[in-house]
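Scroll down for the structure; my scribbles are underneath it.
Values in this text are rule-based calculations from the coordinates and carry no lab data. On a predicted model such as this, the values are computed, not experimentally measured, just so you know. Every residue, glycine as well, gets a Cβ built from its backbone with ideal geometry; the counts of neighbours run over all protein chains shown.
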Amino acid sequence: MNIKKFSARNIPEAIRMVKNEMGPEAVILKTRTIHGPEAKGADEGLKIEVTAAMDYDVADPGNGKDNAVELGRIIRKWQSLETEMRDLKQSLVLSDAARLLKPELYFNQEVRTRYLNFRNFGLRPEIITELMDTIPPEKTGNVSGTKLLQDSLAKVMSRVQVENNALADPQARVYSFIGPTGVGKTTTLAKLAAVTALQQGKKAALVTIDTFRIAAVAQLETYARIMGLPMTVANNNKELRNAIRKYEDHDCVLIDTAGRSPQKDQDIVELNAFFNIPEPIRHFLVLSATTRYDNLIQIEKRFSRLPVRSCIFTKLDETRDISAMLNFLLCCRRPVAYLTTGQQVPEDIEMASKKKLAALLLNSMKQTR
Ligand SMILES: Nc1nc2c(ncn2[C@@H]2O[C@H](COP(=O)(O)OP(=O)(O)O)[C@@H](O)[C@H]2O)c(=O)[nH]1
Ligand SMILES: [Mg+2]
């Protein structure tokens, strides 16, 4: 049994206090009026004292009604804990805001809402600070929450670069797919080969320099056979040059590579040497949306030894939280050309667009908030 006393100005107020603190099952044991010398010591206006009790005994397992009451109490307790957690999270975010924002901005409701939007997008503090610095403090305070959310979204998207129709670049004919192992380079190449050759009617050829695994060659061969496209295996730089020459009458040549460890500089140096050919190559850095932000940065740093033009993000179907990808795109200022959303060839690929990224971000925000 839990017994507590509450002081209030009147009975209804006291009952409200009891219910808020102890729940609707609490029982009022006693009420009394505070007066005389005791009232003088009490806070101004407190005239009633209520004693309430809450029974914490475990209900009889055989009694269904008691069980339902008990369950109701647990659910309410859980809900109130959830509310507390949310409030706590909010106040942590606000205290972060107080630390990061100049005082005159922190006390501006509108600026604070924008800050919270960026936080809810999952953006990193340094990126938020950068974005906030570009926002002039508003004077009105009349802008609706929806409008502020749209503005915040637009602000983020104005910083993201997307590359439209990267495979239709008139300056390029040879494209490579580089990146760590298992991110989906071969699958993405096959998807794009299908789109280019089968849907756009272009003359495409495939080359693989991934000779580390027999299965890797077989994987691309299978795709080439199904699509009726020519394919060549190149074991060294000379063979790659020959292959590119062989396909000089083709609209595009797509080169598959072995996954390189971003941890090993030597791997990347070797890859760069392999690509030393007369014709310019457009390198797509293939990255998985499920990779942590720190790792994405590290991978990008290593692969930047090659003239990477844009990146492709894969496996968006495997995560709803796109904050690592978004922070990466904002930090590295690299354009994103394609997004892939599954294992199906050629269906699960689409050109990256700000509209699509904004929709993913709003969805990610709903799921992770
Ligand atoms: N869920 C999902 N799986 C993918 C996606 N892209 C590729 N994969 C899978 O990831 C695995 C590795 O793909 P692969 O193309 O061989 O990767 P690589 O080593 O980079 O060439 C395979 O099982 C693919 O089917 C994608 O967008 N979503
Ligand atoms: Mg592969």
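Return the subset of Lys4/Lys47; Lys202/Lys355; Lys301/Lys356 for which the Cα-Cα distance in this structure is over 23 Å, preserving the input order. Working shown, then result.
Numbers: Lys4/Lys47 17 Å; Lys202/Lys355 28 Å; Lys301/Lys356 26 Å.
Too far apart for the 23 Å limit: Lys202/Lys355; Lys301/Lys356.
Full extension of the chain segment joining Lys203 with Arg159 gains 12.3 nm, where the gain is 0.36 nm per residue of separation less the Cα-Cα distance.
Can you say what percent of the DSSP beta bridges in the range 166-368, counting only those with both residues inside, are antiparallel? Round to 5. Mind dumping the intermediate values first?
Details: 3 of 29 bridges.
Here the antiparallel bridges make up roughly 10 percent for the range 166-368.
Once you compute Rg and the Kirkwood Rh from C-alpha atoms, what is the Rg to Rh ratio for the range 111-239? Working shown, then result.
On the way: Rg = 22.8 Å, Rh = 18.8 Å.
Reported Rg/Rh (Cα atoms, Kirkwood Rh): 1.21.
Distance between the 7 Å Cα→Cβ label points at Glu347 and Glu318: 2.0 nm.
With both labels modelled 7 Å from their Cα along Cα-to-Cβ, the Arg32 to Ile3 distance reads 1.2 nm.
Where does the range 166-368 land on Rg/Rh, using Cα atoms and the Kirkwood Rh?
Values: Rg = 16.3 Å, Rh = 17.1 Å.
Ratio of gyration radius to Kirkwood radius: 0.95.
Annotation: the antiparallel percentage among DSSP beta bridges lying fully within the chain is about 35. For the range 177-296, the pair-distance distribution built from all alpha carbon pairs, in bins 10 Å wide starting at 0, is 13, 46, 33, 8, 0 percent. Dividing the helix sum by the residues of the chain, where each DSSP H run of 4 or more adds -39500 (n - 2.57), gives a mean residue ellipticity at 222 nm of -14500 deg cm²/dmol. Note on Arg16 and Tyr293: with the Förster distance fixed at 51 Å, the Cβ-Cβ geometry gives a FRET efficiency of about 0.65. Of all the options Leu131, Leu29, Leu240, the one that moves most in a Gaussian network model of the chain with Cα springs shorter than 10 angstrom is Leu29. Provide the convex hull volume over Cα atoms per residue for the chain, in Å³. Given the Cα convex hull of the chain, per-residue volume reads 233 Å³.
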